[in-house]
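Structure record follows, encoded as structure tokens.
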Amino acid sequence: MCNQTNCLWIRSRAWLTIITKILLLLAVGQTSPTMAAVVRRQLAFISRISSRQCSRCFYSSLAAPQSQKQQDEITLLDQSYRTDEWTNISNPIIDTLSRKLHLQPSHPVGILRKIIEARFPENQYTRYSELPPVVTTQQNFDSLGIPADHPGRSRTDTYYVNANTVLRTHTSAHQAETFRSCPTPGFLISADVYRRDSIDKSHYPSFHQMEGAMLWNWDKDTAQTVENDIAKLPKVDLVVEDVPAFHDQNPKQQGHTDEESIAMSNHLKRTLEGVVEEIFGRARLAAGNISDEKLRVRWIDAYFPFTSPSYELEVFWEGQWLELLGCGVVAQSVLENAGSSFASSMLTIGVRNKVGWAFGIGLDRLAMVLFGVPDIRLFWSRDERFLKQFSPGKVSQFKPFSKYPDCYKDVAFWVNDSKISAAGGGQVSTFHENDIMELFREEGGDLIEDVRLVSPSDHI
Ligand code: PHE
């Protein structure tokens, strides 16, 4: 027997009339490529029996890996990119690049985008919603001061096109260029973003974010100007648990006066409280909740390399605190460096004499809550029975549509824990838990419902 220490448990789902349950236990102590081959064979097998609707199957095989065609180019959205040892993009991810769910007016993600945008006056906030997802590591990380050893930069967490090019992991990747080119003081960027992650009903490697930002001229009157702008914001009626604008562990920036930092934080917080009131007010209506109990939100100190002070916002919804967004006062270094990647022209480098705030909000999980969608993968469905349920501008409750019960197929693999690591680190050679997730996703697609690493004591 091999040195078994961890077990990966996979649940896949198919709509079948006959309920089938399979439990496969495989002892795998070989190297990662062999394990990859085994996983591929098993998942191909599941897909086959799903389509044949057979009722009882047993299978065990340690087949040799299929020979993989070496590619030195990859085509993404009609553009070719050179590949190298950093390339880790799989076909299912490539398929999602062109979907742009946030642009579909009758899709929950698109409806939510519009609801949020409507809170921001168009003459103050320019909208950007079609920025391409392939960006440089400079845009995604360096322009934001994200250090070279940050776990988010590792190959296990980020989709690399090649060593210098990634699928953006957040909409903040466009902050610098947009600060430089935006014609209004503020902007909103909505976009698809990509992160390698675990597989379950609330994680999908492609999802959507909206970035918002606002800048003011930085001079002796800034604090007063921002205060005047706060007075013009629509009034909100929430119960708010707040934190101080800044303190030692969540400091204001050198160069900002106390008044400037406090005023910008307050403008940011009051703006976002308005967004939350709007979204959850609609959700309450959709759920037929007419209680006059006020909505509760709370601010929490946070850390981002590109804002200081930084915060997260949570809302109390259906008995629990729900994390909504990250935000803060924009780091002056981000503004100073904005545009430095275009420095070869030597024309404009940096955004000078400006200060402001930025936020980033995830759209998909919020849309799940608002529309009562139980599984994030439903958003990617092309089934009319899903898509026809929603209409522009309206928050409505999702109604399950399959006339068949779920059919679960469980598969378990033993994996040798000397070959698997849960931590990031960016080494090309380590076989990470997310590499296995990627393998399952590539072979099993959205049929796979859940993959879990369990210890031997958690007998399956
Ligand atoms: N980009 C951050 C994330 O994805 C969110 C964020 C945006 C935080 C802007 C601060 C400012 O988590």
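A short reminder: the numbers here are calculations on the coordinates, not readings from a lab. These figures come from a predicted structure and were not determined experimentally. Note that each Cβ is placed from the backbone with ideal geometry, even for glycine, and that neighbours are counted across all protein chains shown.
Things worth noting here:
- Length available on full extension from residue 184 to residue 248: 0.36 nm per residue minus the Cα-Cα distance, which gives 19.7 nm.
- Computed label-point distance, nm, for sites residue 382 and residue 410 using a 7 Å Cα→Cβ extension: 3.3
- Each peptide among 323-329, 408-414 gets the average number of other Cβ atoms lying within 10 Å of its residues, and from highest to lowest they stand as 323-329, 408-414.
- All C-alpha to C-alpha distances of the range 102-387, sorted into 5 Å bins beginning at zero, yield P(r) values of 1, 5, 12, 16, 19, 18, 14, 9, 5, 2, 0, 0 percent in whole numbers.
- Restricting the calculation to Cα atoms, the range 207-274 shows an Rg/Rh of 0.98 when the hydrodynamic-style radius is the Kirkwood one.
- The trypsin sites (Lys or Arg not before Pro) of the range 230-315 that meet both conditions, a loop assignment by DSSP and at most 10 other Cβ atoms within 10 Å of the site Cβ, are 235.
- For the range 264-270, the Karplus equation 6.51 cos²θ - 1.76 cosθ + 1.60, evaluated at θ = phi - 60°, returns couplings of 5, 4, 5, 5, 4, 5, 5 Hz by residue, with Gly and Pro reported as x.
- Close Lys pairs in the range 102-387, defined as Cα atoms under 16 Å apart and 8 or more places apart or on different chains, number 6.
- Applying 1/(1 + (r/R0)^6) with R0 = 35 Å to the Cβ-Cβ distance of residue 235 and residue 84 gives a FRET efficiency near 0.05.
- Placing R0 at 22 angstrom, the Cβ-Cβ distance between residue 124 and residue 259 gives a FRET efficiency of 0.50 after rounding to 0.05.
- Amide H contacts of residue 325: 313, each under 5 Å away and 5 or more positions distant or on a separate chain (H built 1.01 Å from N in the peptide plane; Pro and chain starts excluded).
- Amide H to amide H, with H built 1.01 Å from N, residue 156 comes under 5 Å of 425, 426, counting only residues 5 or more places away or on other chains.
- With the highest mean first, a sort of the peptides 126-135, 440-449 on other beta-carbon atoms found within 10 angstrom per residue produces 440-449, 126-135.
- Among 388-400, 362-374, the peptide with the highest mean count of other Cβ atoms within 10 Å heads the list, and the full ranking is 362-374, 388-400.
- Take the Cβ atoms of residue 284 and residue 389, set R0 to 22 Å, and the FRET efficiency comes out at 0.70.
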